[in-house]
Amino acid sequence: MELLEVMRGRHSVRKYLNRPIEQEKRETIDSFVESVCNESGLSIQVFYDEPDCFRSFFTHYGFFSNVRNYIAIVGNDEDQEKAGYFGEKVVIRCQELGLNTCWVGITHGKSKAVIGEGQKLLIIISLGYGKNQGTPHRNKPLEKLCRADEQCQWFQTGMDAVLLAPTAFNQQKYFFELKQGVVTTKALKGPYSKMDLGIVKYHFEAVTGHKVK
């Protein structure tokens, strides 16, 4: 399946089945996460059969249920964008394996993540087999999210991928620009906007092969 189609099929899922992730898939995820950690310098930790992190008041507030697996991303304060970029890379790989995910900010309890000196828990991603496949999010008009100085199919394809990316509270606080063949983007003001910037940059770059500054 093409990557754009994988992104199109991936939506945030908060309610999960009581179905364990198979050992073969766990090994695939763990190997992939190890390679992403080596590439990014982040500490990305996967926990299976660990329901305690999502047993709290905040979990109910966030409408999560039966979350027994999750991914914890640990890094430094300046790693927000990096966490979004490489975290989404892991999310899309999990989607390819037939699993569901959801980026989780504060609506979870205490995780079992190992946090080193000078580090912090940046974000958690729920993981498992969803009760459903989620639903597409609404998008802002494309003209409010980007501009280009020329008509370019690869840029349009990249923005199609960007529109499929999850953002905190569906805020889409970013802006892309194509100018003289160079793509730049910036985060606008909003909660988790730097992390969201990393997520949307991954979508654009992974689908088009063009780097974003």
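The values are calculated or read from the model by the stated rules, or taken from the named source; none is laboratory data. Everything numeric here is computed off the predicted structure, so don't read it as measured data. With ideal geometry, Cβ positions are generated from the backbone for all residues, glycine too; neighbour counts draw on all protein chains shown. Surface areas here come from the heavy atoms of the whole protein model, side chains and all, with no ligands, DNA or RNA. Shrake-Rupley method; radii C 1.70, N 1.55, O 1.52, S 1.80 Å.
Some observations on this one:
- Size-normalised alpha-carbon gyration radius of the range 107-213, reference 2.2 N^0.38 Å: 1.24
- Per-residue ellipticity at 222 nm computed for the chain from its helices equals -11000 deg cm²/dmol, with DSSP H segments shorter than 4 residues left out and the rest contributing -39,500 (n - 2.57).
- Binning the C-alpha pair distances of the chain at 5 Å intervals from 0 yields a P(r) profile of 1, 7, 15, 20, 21, 17, 10, 6, 2, 1, 0 %, listed from the shortest bin outward.
- Portion, in percent, of the accessible area of the range 160-213 that falls on carbon or sulfur, probe 1.4 Å: 54
- Of the GluC sites (Glu not before Pro) found in the range 140-213, those that fall in a DSSP loop while having at most 11 other beta-carbon atoms within 10 Å are Glu150.
- Calculated accessible area for the range 165-213 comes out at 48 Å² per residue, all protein chains present (probe 1.4 Å; ligands, DNA, RNA ignored).
- Karplus 3J(HN,Hα) series, Hz, for the range 86-93 with 6.51 cos²θ - 1.76 cosθ + 1.60 (x for Gly, Pro): 7, x, 5, 4, 5, 4, 5, 5
- Take the range 1-152 with all the other protein chains still there, run a 1.4 Å probe, and you get 54 Å² of accessible area per residue.
- Annotation note: GluC sites (Glu not before Pro) in the range 79-120 located in DSSP loop regions with a Cβ neighbour count of at most 13 within 10 Å are Glu117.
- Degrees separating the helix 23-40 axis from the principal Cα axis of the chain, which is the longest one: 50
- In this calculation the C-beta distance from Lys120 to Gln151 is compared with R0 = 45 Å, giving a FRET efficiency of 0.55.
- Flagged links, alpha-carbon separation over 18 Å, of Lys140/Lys189; Lys173/Lys211; Lys144/Lys189; Lys82/Lys186; Lys144/Lys173: Lys173/Lys211
- Accessible heavy-atom area order of Lys82, Lys131, highest first, probe of 1.4 Å: Lys131, Lys82
- Of all aspartates and glutamates in the structure, the ones whose alpha carbon falls short of 13 Å from that of Lys213, not counting any fewer than 8 places away in one chain, are Glu81, Glu177, Glu205.
- Straight-line reach from Lys131: taking Cα to Cα under 16 Å and skipping same-chain neighbours fewer than 8 places apart, the lysines in range are Lys15.
- Alpha-carbon centroid distance for the pair the range 98-164 / the range 1-54, whole angstrom: 13
- Whether the range 1-95 is rounded, prolate or oblate, judged on the alpha carbon gyration tensor where a/c under 1.5 counts as rounded: rounded
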